[in-house]
Structure formats: structure tokens, C-alpha cells
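Step one of this worksheet: look at the structure below.
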There are 2 protein chains.
Amino acid sequence: MGSQRPLPFDAIAEARRQWESRDWGAPAHMAAITSIMRAQQILIAEVDEALKPFDLTFARYEALVLLNFSRHGELPMGKMGDRLMLHPTSVTNIIDRLEQQDLVRRIPHPTDRRTVLAQITEDGHQVVEKATEAVTSIRFGVDGLTVDELDRLTELLRKLRIAAGDFPG
Amino acid sequence: MGSQRPLPFDAIAEARRQWESRDWGAPAHMAAITSIMRAQQILIAEVDEALKPFDLTFARYEALVLLNFSRHGELPMGKMGDRLMLHPTSVTNIIDRLEQQDLVRRIPHPTDRRTVLAQITEDGHQVVEKATEAVTSIRFGVDGLTVDELDRLTELLRKLRIAAGDFPG
DNA sequence: CCAGGGTAGTTGGATGTCCGAGATTTCGTC
DNA sequence: GACGAAATCTCGGACATCCAACTACCCTGG
């Protein structure tokens, strides 16, 4: 997880002080964005660690969950990119690896020959169930927050996503 | 920025409904972590876009800001990794590129020959000032939130970071 | 009907991140 | 003083992500 040595102080709060002392503007914005970056860094490391026994990364796990939730366990790759907010080439890469692991297979679209459907396999179903147990058991490493606080966090980030055009709201 | 097509609905809220309907556990945790991942994805795309004219990425920009804030504009590479929560190899990579751009130079540590100091150049100082104007002018793309909401967000993520051992608190 | 524009996915190249392993240097202990 | 452990940085490999360009296919207008 990057550095093994935790700092004795809050690097973000420190950066904010320096930022403000130079009148660089928008310190609250800077602190919030940096906090989000750090939190993502921390969480992805923890989740990836929990997923390592299954030879999965968070990106591939997320794709599996999405397929697992879909009807017939299949979805056009483009739709997956929309849902996961990934570039088409990233989807290609992820499906390549999941297919090598026999967790997903590519099948042709019945009517549109441009489209490729990714379909979760029986192995995929089993792995995603087990992996989800592992992921939820670490509680996402956010037990420092209550469920109420997590909901407030999610709500604040929802507003951010709406403002950024992630979805209409 | 990944998909160009915004979804007509909230993919995270939808995932949470499916998650809950299958009794997978910890839905608030799942929603919060996924929200953080999405927010990071959105923000890094916006910031990188703003930094493109300076041929910088957020990672390199953050390193430059850190050096800019440091005394004598220099820091051992290991310390930079601690502050930025980056693996030593990532720091090497970033300094490699900044050095190619003449924004940073490597100098030997005066007493410890193991240590390499990264020092910001005059070009580096100028670029980081200009780049900061560009970054703050986009307001980090989070104008959907008030300053008060941004502070609440930062505070919630601070608790998360403390719980994860990012710093003692 | 067919020509052109739009859509879907892949390929190749660049960047950034991590891990494992190695070289060099420093420090602690006997 | 010397040996072994620890610290610092770099190198090679793996993975994920993006962009630009390409192929294959669909569909609409004239």
C-alpha cells in the first residue's frame, strides 16, 4: 500500500495550511479533492489485498459483480464501460483477463454483429460470491465511520457526481 | 474521461439496491467505497485535463507542489513517497519524468550517500505557479458543493484515513 | 441501393502504479 | 573494528488506464 510508514501528522491538513498561507485560492476544494485521492488510494489497496486470494483486482471484481447482477449474466461491453465509467479499451483489457481466468466468456450479440456480449460463467458466479464475502468481511476498511456517516459521505459524493455530469440526478 | 455518455440514473444507488436485495451485507460500506472510487475517477480526469497544457499529470503536479512547499525546494525521495503515499518506485518514475522536463533535478545528499534529493528548479517554480492557477480556476470541478459541504467531506474522509492508519489522528 | 456518417470493439503506444529483487550505503552490536 | 541488519534508491515485470487510429458493422438519406 504505497508507504508502509504512517506519517505522524495529517499531510493534507498541513498542505492546506501552506496553501492558505500563499493565498493560492480554493483551499477547501484542494483539501477535499486531495482527501478523495488519498481515500481511494487507501481503499483500493485494502480491497485488492482482500481479493488477492481470488486472483482478482477491484476493477475485475467490479466487472464481475455487474455481470452477476445483470439478466442472463451478460452485457454488451460498451454498456459495461458506461456503467463502470471505463474507456472501451479498459473494458477490453478487463474482459481479456477475466476470459483467461474462465470467469467470463465473449459471445456474439444475436442481432448486432458489431456488439460483443460478456457473459459470466458458472465459475464466475461462484468466485464473485466468495470474493464478496472476503470484501465485506474487511468491512471495506472503513470501520472508523458509522453507517450514518458513511451514508452522509455517499450523499456528499453523489452531489459531486451530479455536478460533474456523472448522471442527471 | 472514461465514458462520454452519462447514465440516465445513479449506477451506485442501483448497485446498492441489488446488493441489498441479495443480502450481501454492508451495503452502506459498499456504496461509500464505490462513491469514493467514482469521485476520484471524475476528479483526476478533470484535473489532468486542466494540467495538460503544462504537460503535467496530477501525480507530477502533487510532487512539484510538495517540493515547492519544502525548505530549499528539496526533499529526499523517500520522504516524498511518505508524504504522497507512493511506493518508492513510483517516486523514481515521477522524478525521472520531472527531471526530463527540467522541472526538478536530482542532487546528492550532503551526508548520506544512500539518499537522493529531488530539488525543484526555477522552471519548476514558475510552472507550478501557473499550473496552480489553472487547477484552482476549474475549482476542482466540485462547484456542486458549498465550502461547508466540502469541509464536511474532508472531515469524514479524515476519519476514514485515521481508521486506516494513514496518520495517528 | 448505396454512400457516408455513426457505433462497437480492438490494437499499439504512453503513463502511473505496484511488487520483487538487487546494489550501495549506513548503523548497531558484539 | 567487523559483521549483519536496516535503509535508500533503481531495475524489470505486471496490471490498469487513457488516447489515437483502425476494422467491421449498422443505418439513414437521397
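Computed over the protein assembly as shown, the range of Cα coordinates on each principal axis works out to 64, 39, 34 Å, biggest value leading. Just to compare against my own numbers: the Cα pair-distance distribution for segment B:17-120, 10 Å bins, whole % per bin, please. Values per bin, smallest distances first: 14, 35, 23, 15, 10, 3, 0. Taking the label point 7 Å along Cα→Cβ, B:Ala13 and its counterparts in the other copies are spaced 3.4 nm apart, in ascending order. What sits nearest the axis between copies A and B, counting only chain A Cβ atoms, is the residue and whole-Å distance A:Gln40, 2. Which of the lysines could a cross-linker bridge to B:Lys159, judged by Cα under 30 Å and excluding same-chain residues fewer than eight apart? Partners within reach: A:Lys52, A:Lys130, A:Lys159, B:Lys79.
Using Cβ counts within 10 Å as a stand-in for footprinting exposure, how do A:Thr111, A:Thr154 rank, fewest first?
Arranged by neighbour count, lowest to highest, A:Thr111, A:Thr154 become A:Thr111, A:Thr154.
Relative contact order of segment A:42-169: 25 percent, from C-alpha pairs under 8 Å at least 6 residues apart in sequence.
Helices in the protein assembly as shown, meaning DSSP H runs of at least 4 residues, each add -39500 (n - 2.57). Divided by all residues, the mean residue ellipticity at 222 nm is -19500 deg cm²/dmol. For segment B:90-169 versus segment A:16-81, the spacing of their alpha-carbon centroids is 19 Å.
If R0 is 30 Å, the Cβ-Cβ spacing of A:Gln100 and B:Glu99 corresponds to a FRET efficiency of close to 0.20.
Provide a whole-number value for the mean count of partner chain Cβ atoms within 10 Å of the Cβ atoms in peptide B:144-152.
Numbers: counts 10, 8, 2, 5, 1, 6, 11, 4, 4.
Mean inter-chain Cβ contacts per residue within 10 Å come to 6.
Peptide A:45-58 has a mean of 1 when you count, residue by residue, the C-beta atoms of other protein chains within 10 Å of its C-beta. Inter-chain Cβ neighbour count for B:18-31, averaged per residue, equals 6 (cutoff 10 Å, partner chain atoms only). What the Cβ-Cβ distance of A:Thr92 and B:Asp151 gives, at R0 = 41 Å and to the nearest 0.05, is a FRET efficiency of 0.50. Note on segment B:55-113: the alpha carbon radius of gyration divided by the globular reference 2.2 N^0.38 Å gives 1.04.
Farthest towards the positive end of the charge dipole of the protein assembly as shown, among the residues B:Pro53, B:Trp24, B:Thr92, is the Cα of B:Thr92, using unit charges on the Cβ of Lys, Arg, Asp and Glu.
Quick note: the coordinates plus some simple rules give every number you see, no bench work behind them. Note that this is a predicted model, so its numbers are computed, not measured. Glycine gets a Cβ as well: all are built from the backbone with ideal geometry, and neighbour counts include every protein chain shown.
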